[in-house]
Amino acid sequence: MVGRVSRLVGALLGAVALTWASTVPTNASGQPNPVPQATQQLTVVSEDPYTNPGTYHRTQVEPHAAAFGSTIVTVFQSGRSYDWGASNAGWSVSSNAGATWTDSFLPGTTVHANPPGPWQRVTDAVVAYDAKHGVWMIIGVGTRPCSFGLKCTGSQVFVSRSTDGARTFEQPLFPRRARRNQFP
């Protein structure tokens with residue numbers, strides 16, 4: 001039984017490889033066509049401005065993006081720490097479907113932000129849009145120093161809001177725990 005299954009799997013893999021090989025475009029001499037070069041240039045939408053110790057600089061990681069209409073908003077960690085979090089969360093916004101971009105960094109989050117905030121690092125930032133109220137939101141976690149083996153104290157979920165099309169974001173707000181009767 002095992003031999004039959006092995007032969008069947010081998011035959012199926014061979015058929016898939018043959019099918020794939022027959023779909024690769026070739027030139028007149030039967031050689032595969034060269035891969036076309038990209039015609040679009042990459043666009044830098046932000047750069048890491050931080051220089052504090054304990055972090056990798058010129059780094060922006062863990063991006064997240066959301067779009068509504070022709071507006072695209074991205075959020076990312078800037079100045080990634082050696083072990084967790086980043087110096088701050090930055091964002092970039094395009095209001096013309098990616099043709100041009102503007103970027104900045106959240107206020108009031110970390111000791112490295114302008115103005116400074118209460119946390120050492122931020123992590124896990126995401127962006128969302130509330131179409132009913134026309135509000136862009138960046139949600140993240142602010143943390144004080146901790147390590148993977150220890151419980152992190154002082155971590156807190158925050159929300160920074162923008163009511164001007166993501167051109168600026170407000171100081172962080174802190175969601176409250178839902179009451180038992182708040183949701184049906």
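The values are calculated or read from the model by the stated rules, or taken from the named source; none is laboratory data. Not measured: the values here are computed from a predicted model. Note that we place each Cβ from the backbone using ideal geometry, even for glycine, and neighbour counts take in every protein chain shown.
Go through the stretch 32-70 and give me each residue that's at pLDDT 80 or above and small (G, A, S). Across the stretch 32-70, the qualifying residues are S46, G54, A65, A66, A67, G69, S70. In the set (1) touching a residue at least 12 places away in the same chain (Cβ under 8 Å); (2) touching a Gly at 6+ places or on another chain (Cβ under 8 Å); (3) loosely packed, with under 15 Cβ neighbours inside 10 Å, the condition left unmet by V111 is number (1). Please determine, by comparing only the residues of the stretch 88-113 that are among the aliphatic types (A, V, I, L, M) and farther than 18 Å from G142 by Cβ, which one is modelled with the highest pLDDT. Checked the stretch 88-113; the qualifying residue modelled with the highest pLDDT is V93.
Exactly one residue among A67, A99, A89 is closer than 21 Å to R167 by Cβ and surrounded by 15 or more Cβ atoms within 10 Å (Cβ to Cβ), and that residue is A89. When you scan the stretch 72-83, do you find a residue that is in contact with a strand residue (DSSP E or B) (Cβ under 7 Å, 6 or more places away or on another chain), among the small types (G, A, S) and touching a residue at least 40 places away in the same chain (Cβ under 8 Å), even just one? Checked against the condition, which is being in contact with a strand residue (DSSP E or B) (Cβ under 7 Å, 6 or more places away or on another chain), among the small types (G, A, S) and touching a residue at least 40 places away in the same chain (Cβ under 8 Å), the stretch 72-83 yields at least one hit. Here A99 fulfils each of the conditions (1) farther than 26 Å from R144 by Cβ; (2) among the hydrophobic types (A, V, I, L, M, F, W, C); (3) touching a strand residue (DSSP E or B) at 6+ places or on another chain (Cβ under 7 Å) apart from (3). Annotation: V127 fulfils all but one of (1) modelled with pLDDT under 95; (2) touching a His at 6+ places or on another chain (Cβ under 9 Å); (3) of a type in the set (A, V, I, L, M); the unmet one is (1). Residues that are under 15 Å from Q60 (Cβ atoms) and crowded, with 24+ Cβ neighbours inside 10 Å within the stretch 114-126 comprise R121, V122, A125, listed in sequence order.
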